[in-house]
């Protein structure tokens, strides 16, 4: 069906494909550098609806870090229209230190059979122990990306700051969401999303490198496990993709469940 795409659309598929591959390299190189090993657990999940590849690193700094690539092959109602071309990537990090929260980045690019197209995604940090200095640092870097484009970043945070994401997950809301503000695929939006993902990942890693060897308390450990439990509850009970089976349990459990959860 990709043959039905225009020349301009095909050019964007190449850009988006390259971006996803470059991010995979960036992420896995970072995992290897921080953990001192390129050992990965890699598994392909092939279903009628979609194909997934999940790569997971485990080590001394990043207790568990995952990179997921997905290609949806058919309509997944009510969330995903029938695609012509699409790519989905997801990045999740659970640091070993409880002083840094969990990173979650998800991005979806799609040309659809109904003639529509979209860029959707979300990036945020879910903390255990809250260190305002670190979260303000991340937030300020994201703010600048939108400010220099004359965009109001509050429009891209509004969906994070209300409802389950804030109230149940207790996420930091320093990132942004493109899931409530789906973007049309064009040069301006591609560059915005590309810079947002790259910046959010890089700034998070700077925070992790700053905190990874600092002392922490039992209170910090308790806060970390409370956060991990909240993420588990999100996946099972109210996130529309894992909780309804749109994303298979085998996939999301390998990609983004914590390496240890306490009850």
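Quick check on my filter: what residues within region 99-116 are farther than 16 Å from residue 257 by Cα and surrounded by 21 or more Cβ atoms within 10 Å (Cβ to Cβ)? Answer for region 99-116, where residues must be farther than 16 Å from residue 257 by Cα and surrounded by 21 or more Cβ atoms within 10 Å (Cβ to Cβ): 99, 100, 107, 108, 109, 110, 111.
Quick grid of which residues meet (1) surrounded by fewer than 17 Cβ atoms within 10 Å (Cβ to Cβ); (2) under 15 Å from the mean Cα position of the chain (by Cα):
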{"position": "168", "(1), (2)": "yes, no"}
{"position": "174", "(1), (2)": "no, yes"}
{"position": "177", "(1), (2)": "no, yes"}
{"position": "200", "(1), (2)": "no, yes"}
{"position": "207", "(1), (2)": "no, no"}
{"position": "238", "(1), (2)": "yes, no"}
{"position": "249", "(1), (2)": "yes, no"}
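Each residue in region 215-259 was checked for being in a loop (DSSP other than H, G, I, E, B), without any contact (Cβ under 8 Å) to a residue 40 or more places away in the chain and closer than 23 Å to residue 57 by Cα, and 3 of them qualify. Scanning region 12-52 for residues that are in contact (Cβ under 8 Å) with a residue 40 or more places away in the chain, closer than 30 Å to residue 111 by Cα and assigned to a strand (DSSP E or B) gives 43, 45, 52. Let me spell it out: the conditions are (1) loosely packed, with under 15 Cβ neighbours inside 10 Å; (2) at pLDDT below 95, and residue 242 meets all of them except one. Which number is the exception? Of everything listed in (1) loosely packed, with under 15 Cβ neighbours inside 10 Å; (2) at pLDDT below 95, residue 242 misses just condition (1).
Report those strands (runs of 3 or more DSSP E) wholly inside region 53-138 carrying at least 1 residues which are touching a helix residue (DSSP H, G or I) at 6+ places or on another chain (Cβ under 9 Å), farther than 21 Å from residue 190 by Cα and free of Cβ contacts under 8 Å to residues at least 60 places away in the same chain. Walk me through it before giving the result.
On the way: elements: 62-72, 83-95, 102-112, 117-126.
In region 53-138, 62-72 are the strands (runs of 3 or more DSSP E) which contain 1 or more residues that are touching a helix residue (DSSP H, G or I) at 6+ places or on another chain (Cβ under 9 Å), farther than 21 Å from residue 190 by Cα and free of Cβ contacts under 8 Å to residues at least 60 places away in the same chain.
The values are calculated or read from the model by the stated rules, or taken from the named source; none is laboratory data. Here the structure is a predicted model, which means the values were calculated and not measured. FYI the Cβ positions are ideal-geometry reconstructions off the backbone, even for glycines, and counts take in every protein chain you see.
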